[in-house]
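Written out below as structure tokens is the structure these notes cover.
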């Protein structure tokens, strides 16, 4: 799946409120994370999480979130879910494709389909 993002010239970053040592331990002990092909950000002070409004105050950790940030540093897409809901990389790819058209895309648009034309 990470190659799908690379093909679109998108840089993936992961992040959590865990320390870099916890990230390393996860990579060393969890087979799915062993060869994680993108950097992980450590937000132990929870400043980024609080600033983005995704800190789950009762649990003290980040909610699950995805952001697409354009080359100018502007957030163009956000998806935030509770701690018990996983993300959907295919939907993120679909939105990234739509954003990269620089055109108006209808609901459920898929790469290769027509975009909307303003009359």
Sole miss for residue 50 among (1) in a loop (DSSP other than H, G, I, E, B); (2) under 27 Å from residue 96 (Cα atoms); (3) modelled with pLDDT of 90 or more is condition (1)
Matching entry among 52, 99 (being farther than 22 Å from residue 7 by Cβ and in contact with a strand residue (DSSP E or B) (Cβ under 9 Å, 6 or more places away or on another chain)): 52
Quick one: residue 41 ticks every box in (1) more than 19 Å from residue 9 (Cα to Cα); (2) assigned to a loop (DSSP other than H, G, I, E, B) except a single one, so which number is it? (2)
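Here is a yes/no grid of residues against (1) in contact with a helix residue (DSSP H, G or I) (Cβ under 9 Å, 6 or more places away or on another chain); (2) without any contact (Cβ under 8 Å) to a residue 40 or more places away in the chain; (3) surrounded by 12 or more Cβ atoms within 10 Å (Cβ to Cβ):
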position: 8; (1), (2), (3): yes, no, yes
position: 15; (1), (2), (3): yes, no, yes
position: 19; (1), (2), (3): no, yes, yes
position: 31; (1), (2), (3): no, yes, no
position: 74; (1), (2), (3): no, yes, no
I need the full set of residues from the stretch 21-38 which are farther than 22 Å from residue 69 by Cβ and part of a helix (DSSP H, G or I), in order please. 21, 22, 24, 25, 26, 27, 28, 29
Can you name every residue in the stretch 76-111 that is in a loop (DSSP other than H, G, I, E, B) and either touching a helix residue (DSSP H, G or I) at 6+ places or on another chain (Cβ under 6 Å) or more than 22 Å from residue 16 (Cα to Cα) (or both)? 102, 103, 105, 106, 107, 108, 109, 110, 111
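The values are calculated or read from the model by the stated rules, or taken from the named source; none is laboratory data. Note that the structure is predicted; figures quoted are calculated from it, not measured. For neighbour counting, all protein chains shown are included, and Cβ atoms are generated from backbone atoms with ideal geometry for every residue, glycine included.
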